[in-house]
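The values are calculated or read from the model by the stated rules, or taken from the named source; none is laboratory data. Worth saying up front: this structure is predicted, and the values here are computed from it rather than measured. Reconstructed Cβ throughout: ideal geometry from the backbone, glycine too, with neighbour counts over all protein chains shown.
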Amino acid sequence: MRKLFLLLAFFAVSNINAQGNGDYVSMTFVKTTPGEDYWTILNEKWKDLHQMRANEGTITGWDVWYRPNTGSESDWDLLIVTVAKSIDSLNANAGVAKMRPDYSEMDIEIFQQKNIKARTLVYDHLLVNKGLVFAGNEGETPVVPQVAVINMMKVGYTDGYKYEQAENNLVSVNSLGNRAGWGLLKRLDALGSDVYYDYMTVDFYEDWDNWLLDREPSGSGAPISRQLREIYNLRDHKQSVPLWLAISVRPEE
């Protein structure tokens, strides 16, 4: 079993810098508790902490995305994204005591209980950036626009490298169209046939209107390109989820 785990870990982390900027990305899918106002906790507490972490260079970005049209039946309604240059940095310097050094042990305990009551952590996934296209970007963690669409893909590790190359060969600044940017992420925390997705593409838009333009069929009747057909054959598109940016933190000058 240990040999199998090491083999899977090798496939997961090999060629990490083949494409993209190598950023590590933690995605926490959250279900908020009605009536507990988790937004206030995020804005008045956690945002300050992650701004400190970004200014110190521990992380390069922290974003909170809202999933529209959710209700009690939805499994999650918020996506919290933390970006760093190393895996160890994702959770470093993240304690309540750093956020509020004036808090007593009792204050910390009360806050932690309130925070737990206000949300449920549904999934916590680790990914690495394998493709990044933003106009004028030179490999840094981009400042994201208002709308993102995450596309969960099932590829399988035997076709992973070929899929990464195909996606990166297809997307360029000139091919973004209505998009403000694009990213390709490879999932690292889980592998196997029973894992729902192992890659994710992210399409970024300045607003909903530009996203809706891409949702409408072009009506041109043009045949699918060979490159796009290759991508279709390599992956199974599981789900697309549109998101609205609620909070964004980047290092301050």
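Brief remarks follow.
- Selection count where residues are surrounded by fewer than 16 Cβ atoms within 10 Å (Cβ to Cβ) and acidic (Asp, Glu), scope segment 139-168: 2
- Qualifying residue in segment 169-176 (condition: surrounded by 20 or more Cβ atoms within 10 Å (Cβ to Cβ), of a type outside the set (A, V, I, L, M, F, W, C) and closer than 13 Å to Gly20 by Cα): no
- The residues of segment 96-125 that are in a loop (DSSP other than H, G, I, E, B) and surrounded by 12 or more Cβ atoms within 10 Å (Cβ to Cβ), listed by number, are Arg100, Tyr103.
- Which listed residue, of Gly136, Gly183, Gly192, is within 20 Å of Leu245 (Cβ to Cβ) and exposed (fewer than 12 other Cβ atoms within 10 Å of the Cβ): Gly136
- Of the candidates Leu191, Leu184, the single residue that is closer than 17 Å to Asp159 by Cβ and at pLDDT below 95 is Leu191.
- Evaluated against (1) touching a strand residue (DSSP E or B) at 6+ places or on another chain (Cβ under 7 Å); (2) under 21 Å from Tyr24 (Cα atoms), Trp208 falls short on exactly one condition, (2).
- Residue within segment 159-180 that is closer than 20 Å to Arg215 by Cα and assigned to a strand (DSSP E or B) present: no
- Selection of segment 150-169 for residues being under 30 Å from Val64 (Cβ atoms) and small (Gly, Ala, Ser) yields only Gly160.
- Residue check for Val241: β-branched (Val, Ile, Thr), crowded, with 20+ Cβ neighbours inside 10 Å, under 23 Å from Phe134 (Cβ atoms) and touching a Lys or Arg at 6+ places or on another chain (Cβ under 8 Å): no
- Residues within segment 43-73 that are more than 18 Å from the chain's Cα centre (by Cα), touching a residue at least 24 places away in the same chain (Cβ under 8 Å) and over 18 Å from Asn93 (Cβ atoms), tallied: 2
- Taking the criterion of being free of Cβ contacts under 8 Å to residues at least 60 places away in the same chain and closer than 19 Å to Ala148 by Cα, the residues of segment 79-133 that qualify are Ile80, Val81, Thr82, Val133.
- Apart from one condition, Asp75 fits all of (1) in a loop (DSSP other than H, G, I, E, B); (2) more than 21 Å from Gln19 (Cβ to Cβ); (3) charged (D, E, K, R); (4) at pLDDT below 95; the exception is (4).
- Looking across segment 19-70, the residues that are closer than 24 Å to Glu138 by Cα, of a type in the set (D, E, K, R) and not in a loop (DSSP other than H, G, I, E, B) come down to Arg53, Glu56, Asp63.
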